[in-house]
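Student: Dumping the structure here so I can ask a few things about it.
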Amino acid sequence: MIIKNGRVFQEDKTFVKEDLYLENGKVVESPDQVSDKTEVDAEGLLVFPGLVDVHSHGAVGHDFSDGDMEGLKKILSYEYAHGITSYCPTSMTIDKEDLRRIFREMGSFSETENASGAPLAHVAGINMEGPFLDVSKKGAHRAECIMAPDVAFFRECNEACGNRIRLVTLAPNTEGAIEFTRELHDEVSISLGHSGADYDTAKEALEAGANHVTHLFNAMMPLGHRTPGLIGAAAEDDKCMAEMISDGIHVHESMVRAAFKLFPGRIVLISDSMRATGLEDGTYDLGGQQVTVNGKLATLADGTIAGSATNLYDCMRTAVSFGIPLGEAIAAATMNPARSIGIYDQVGSLTPGKRADVILADEELNLVRVIS
C-alpha cells in the first residue's frame with residue numbers, strides 16, 4: 001500500500017508532506033519495495049503512528065481483571081477502532097489467586113483467534129498495577145488485597161503469562177520496595193505510584209532502578225515547595241517517564257501544561273480506562289467495587305475517582321485542546337509510551353522496519369482511518 005500526499009509525522013515531532021510505503025505489515029523506504037501498489041489519498045490529512053496505551057483496565061463492558069479472554073478481544077477491537085493499535089491490558093489489586101488465574105489465561109492468549117473478524121489492537125505486554133501499593137493512596141484498589149512487594153510472587157505471575165509483564169507499579173515507601181526494585185529493574189519497568197512516598201524515598205527508588213511514574217499527580221503526595229515528594233524526584237530524573245491521564249477530569253489543564261514542562265519529552269499519555277468506556281452512563285464494576293459513571297467521571301461510592309471513562313485518542317485530543325503542541329501530544333501517545341516499555345524498535349514511529357500501524361486524521365484530529 002502507498003499512502004500518498006499526507007502530512008507524515010516525523011521522529012522530531014514535525015510533519016512533512018510525503019508518501020508512506022507499506023509492505024507485509026511493515027513501513028518500508030521506497031515504492032520499489034511495495035508489491036501491492038494500492039494507493040490511499042491522504043491529501044489534507046495528518047498521518048501518524050497508531051497510539052500505544054500502556055495503562056488501561058478495560059472498555060465496552062469488559063475488564064482485563066475479569067480473566068475473560070473473549071472479553072479482552074472485545075476491548076482490543078474497541079481500542080483499534082479508536083486508533084490505539086498497541087495496548088497493555090492492566091490488572092487491578094485483586095485476590096492473589098485471581099491474579100494468578102488471569103496471568104495464566106494470558107499465557108495462552110492469541111490475538112489471531114478472533115471469531116468476529118474485527119481487527120484488534122496488538123497486546124504489547126501487561127501492566128501489573130497492583131497489589132504492591134500503599135494503602136493510604138490506594139485510590140480505587142481494594143485495601144484488603146494490597147500486599148508488600150514480593151519478588152517471588154511477581155516472578156510467578158510473569159512466568160504464568162509467558163513473561164509478558166512490561167510494567168509493575170510499586171509504592172516505594174512500603175517494606176521491601178527498594179530491594180524489590182534492585183532485584184527486578186532489569187526484568188521489568190518499575191513504575192512508582194499509589195504512594196505517599198516523600199522525595200528522599202522516591203529518589204532512592206529511582207536510583208535503585210525505577211524508571212516510570214503511574215498516573216502522575218493522582219494517588220501520590222502533591223508537589224510542594226518544601227515537600228516535592230515523588231513528583232519532584234521523578235522530574236529531576238531524566239530517565240524517568242511519567243504517565244498522565246489527560247481526560248479533563250483527573251488533572252487540571254494548567255497542570256497538564258506544567259507536566260509537559262516538568263517532564264520534557266517524558267510524558268506518557270494513558271487512558272486508565274475502565275469497563276464503562278464506550279458505554280452509557282450507569283453503574284459498573286472495577287476490581288470488585290461499584291463505580292458510578294456520569295459523563296467522563298467515574299467514582300466509587302465515597303467519591304474517589306475510579307479510572308477513566310475515555311480512551312487514549314480522546315485524551316490526546318484533550319491535551320491538544322489544553323494547549324499542548326500537536327507534535328508533543330502525538331509523541332506522548334506514541335513514541336514515549338513505546339520507549340517506556342521497551343518496544344520503540346517495533347512501534348511508536350513510522351520509521352522503515354517498524355510495524356505499519358498508521359492513523360489518518362483531519363486537522364482537527366477527527367479519526368478518518370486506522371491502517372495496520
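The values are calculated or read from the model by the stated rules, or taken from the named source; none is laboratory data. Because the structure is a prediction, the values reported are computed rather than measured. Because the Cβ atoms are built from the backbone with ideal geometry, glycine has one as well, and the counts that use them run over all protein chains shown. Remember, those area values only see protein heavy atoms, side chains included, never the ligands or the DNA or RNA. Shrake-Rupley method; radii C 1.70, N 1.55, O 1.52, S 1.80 Å.
Student: Checking residue 99 against (1) closer than 27 Å to residue 355 by Cβ; (2) touching a Pro at 6+ places or on another chain (Cβ under 8 Å), which test does it fail?
Tutor: All conditions are met except number (1).
Student: With the requirement that a residue be open to solvent by 60 Å² or more (accessible area, probe 1.4 Å) and closer than 21 Å to residue 335 by Cα, what does the stretch 17-66 give you?
Tutor: The answer is 17, 18, 26, 29.
Student: Moving to a separate point now. In the stretch 320-340, which residue that is more than 17 Å from residue 50 (Cβ to Cβ) and among the aliphatic types (A, V, I, L, M) is surrounded by the fewest Cβ atoms within 10 Å (Cβ to Cβ)?
Tutor: Filtering the stretch 320-340 for residues that are more than 17 Å from residue 50 (Cβ to Cβ) and among the aliphatic types (A, V, I, L, M), the one surrounded by the fewest Cβ atoms within 10 Å (Cβ to Cβ) comes out as 320.
Student: I'd like the residue in the stretch 125-152 that is among the aliphatic types (A, V, I, L, M) and modelled with pLDDT under 95 and, out of all such residues, is surrounded by the fewest Cβ atoms within 10 Å (Cβ to Cβ).
Tutor: Out of the qualifying residues, it is 143.
Student: Additional query: Could you tell me whether the stretch 231-238 includes any residue that is in contact with a helix residue (DSSP H, G or I) (Cβ under 9 Å, 6 or more places away or on another chain), hydrophobic (A, V, I, L, M, F, W, C) and either free of Cβ contacts under 8 Å to residues at least 12 places away in the same chain or on the phi > 0 side of the Ramachandran plot (or both)?
Tutor: Looking for residues that are in contact with a helix residue (DSSP H, G or I) (Cβ under 9 Å, 6 or more places away or on another chain), hydrophobic (A, V, I, L, M, F, W, C) and either free of Cβ contacts under 8 Å to residues at least 12 places away in the same chain or on the phi > 0 side of the Ramachandran plot (or both), one finds none in the stretch 231-238, hence no.
Student: Given the options 13, 73, name the one that is open to solvent by less than 20 Å² (accessible area, probe 1.4 Å), under 22 Å from residue 341 (Cα atoms) and either of a type in the set (Lys, Arg) or touching a Cys at 6+ places or on another chain (Cβ under 8 Å) (or both).
Tutor: 73
Student: Moving to a separate point now. Among residues belonging to the stretch 241-275 that are among the small types (Gly, Ala, Ser) and touching a residue at least 40 places away in the same chain (Cβ under 8 Å), point out the one that is nearest to residue 312 (Cα to Cα).
Tutor: 271
Student: Now for a different question. Restricting to the stretch 116-164, count the residues that are closer than 27 Å to residue 85 by Cα, over 19 Å from the mean Cα position of the chain (by Cα) and without any contact (Cβ under 8 Å) to a residue 24 or more places away in the chain.
Tutor: Count: 2.
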